[in-house]
Structures are given as C-alpha cells and as structure tokens.
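The values are calculated or read from the model by the stated rules, or taken from the named source; none is laboratory data. Just so it is clear, the structure is predicted and the values come from calculations on it, not from any experiment. Positions of Cβ are backbone-derived with ideal geometry, glycine not excepted, and every protein chain shown enters the neighbour counts.
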Amino acid sequence: MPHLHLSLSPAPGREPDHTLLAHALTELTARHLAKDPDLTAVRLARVPAPDWFVARRSLAEQALASYHLEVQVTADTNTEAQIAAWLQAVHLLLGDQLGALHPASYAVVQQLPAAAWGYGGRSQLARRLQAAAEAVAAA
C-alpha cells in the first residue's frame, strides 16, 4: 500500500499524460517494490517551470524538465536492490515522459514504521498483527 506523490515540471513543449504516468508509476512500484497495485495511491502536481528552481535558476531559464517523486512504504519491506531498481526505472519513465531532465531530479523512498501509518483508519502494524493472529487461529 504505497502512496506516491509526483511533483513534475515538463520540458517546454511537452504535455505528459497524467493518467499514463499514474498507471506506469503504479506498475513500476508493483514490479520493483512488490506493492499491491489495488492499494497504490498516486497524486500528481504540476509545477510551472518559472516556479521550480535548481542551482539558483528556474527550469524555464534552463529549458529543462524536473521531478520530485516520493513513495511511502512500510519500513523493512524492500531490499536495497529493489529500491535501486525502482529508482532507475522511474527515472527512465519520467525522462521519457517529461523530456530532457535536469540532473537534480529526485526520487525518494520513505520507509515509515508500520505503527506510524496505514489506510482505512488502521495502521500497517495492526493489519500485520491481525493477519498473524488469524494464521495462528487457522493452524
């Protein structure tokens, strides 16, 4: 059950399809981080190039695209290799969709404690404990 938030500023003349981006990010997150696509939430926010600064210059001045992508996952549910593969895959996707990227385009995997987050009013820890109790009861 990850939550992804993509802030994006495409290169001049590029108009990325937000639905395509949401679907592709969901698929890459399922493939590389083994997350359930039916529980994956994606939020996209477009930032105008004049409002995005890297190295003290706006992206409009540089005629480049950029992104900041955050994904929140439960801590210790992914290996370093899985995370590295996801980082590479999303960078390739976003370069393809947004155009020429500024080198300082960021992706972040936030690993949150299971007790500190969840969905539907229940923490991931509560879900894990319930699943373990049900497994013991079924045995």
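Condition check for R127 on (1) under 24 Å from A24 (Cβ atoms); (2) surrounded by 14 or more Cβ atoms within 10 Å (Cβ to Cβ); (3) without any contact (Cβ under 8 Å) to a residue 24 or more places away in the chain; (4) not hydrophobic (A, V, I, L, M, F, W, C): one failure, at (1).
Considering A45, A65, which residue is modelled with pLDDT of 95 or more and surrounded by 15 or more Cβ atoms within 10 Å (Cβ to Cβ)? After applying the criteria, what remains is A65.
Looking across the range 3-27, the residues that are more than 16 Å from the chain's Cα centre (by Cα) and of a type outside the set (D, E, K, R) come down to P10, A11, P12, G13, P16. Right, R43: of a type in the set (K, R), farther than 13 Å from L94 by Cα and in contact with a His (Cβ under 7 Å, 6 or more places away or on another chain) or not? So R43 fits the description; yes.
In the range 17-105, counting only helices (runs of 4 or more DSSP H) that sit wholly within it, the ones holding 3 or more residues that are free of Cβ contacts under 8 Å to residues at least 40 places away in the same chain span 18-33, 80-98. What residue, among those in the range 108-124 that are in a helix (DSSP H, G or I) and in contact (Cβ under 8 Å) with a residue 40 or more places away in the chain, is farthest from T40 (Cα to Cα)? Only one residue tops the list, namely A114. Put simply, of V73, V90 the only residue that is touching a Pro at 6+ places or on another chain (Cβ under 6 Å) and within 17 Å of H32 (Cβ to Cβ) is V73.
Only one of the numbered conditions (1) exposed (fewer than 13 other Cβ atoms within 10 Å of the Cβ); (2) within 12 Å of A75 (Cα to Cα) is violated by R122, and that is (2). Scanning the range 72-100 for residues that are surrounded by 18 or more Cβ atoms within 10 Å (Cβ to Cβ), among the hydrophobic types (A, V, I, L, M, F, W, C) and touching a helix residue (DSSP H, G or I) at 6+ places or on another chain (Cβ under 7 Å) returns V73, W86, A89, V90, L93.
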